[in-house]
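Enquirer: Could you have a look at this structure, given as structure tokens, before my questions?
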Amino acid sequence: MDLNQLINDCKNNDRKAQEQLYRLYSSKLFAVCLKYSRNHTEAQDNFQDGFLLIFNKIEQYSFKGSFDGWLKRVMINHVLQQYRTQTFLSLVNEDVAEDHEVEIDDDNISLDYLLKIIQELPDRYRLVFNLYVNDGYSHADIADMLSINIGTSKSNLSRARMILKEKIEQHKNEENKKFPSAK
């Protein structure tokens, strides 16, 4: 079935079309929820509620721009909305720390481990990190989305990177103790 037809059928509340759209995009959108949520259970809740929101808002999709991008934006905005009501986003006012890149020079760090440590970041750091690093938003966009200032966005990103770097180094040290290299 043609994607445009599938979208139109979803706009007409066709349950089979909605099921097909769900099957087509569920894994990609669940991955988005995993990035922004604290854990797997929270990601499942955000995913289910987000997909209901997509079906409620699909009428607003005007066939301009990428449908994939539209779906992702709706899902990200839904997940972020869960955090906007929490005061930590509006109360943080930190000095801008110098932005450091974190390089992972070890192929032994699994994607599962990286996802786990990103999910363990404090909410404000995790959200800014994912928006900036994984989804390419600017600090101005992030500040708008989270109702924070640009300096706070930059500071939160820097702190997230420092925490991740420390956890990766700790993990590598633990692995080296388990499996010392033969020299």
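Derivation of every value follows stated rules applied to the coordinates shown; laboratory data play no part. Predicted model only: the values in this text are computed from it and were never measured. FYI the Cβ positions are ideal-geometry reconstructions off the backbone, even for glycines, and counts take in every protein chain you see.
Enquirer: In percent, how large is the relative contact order of the stretch 1-79, given Cα pairs closer than 8 Å and 6 or more residues apart?
Expert: 33 percent
Enquirer: Determine, for each peptide in 117-123, 63-69, 153-159, 22-28, the mean count of other beta carbons within 10 angstrom over its residues, then list the peptides with the highest first.
Expert: In descending order of packing, they fall as 153-159, 117-123, 22-28, 63-69.
Enquirer: Something else: Once label points are set 7 Å from the Cα along Cα→Cβ at both Arg15 and Asn149, what is their separation, rounded to one decimal in nm?
Expert: 5.3 nm
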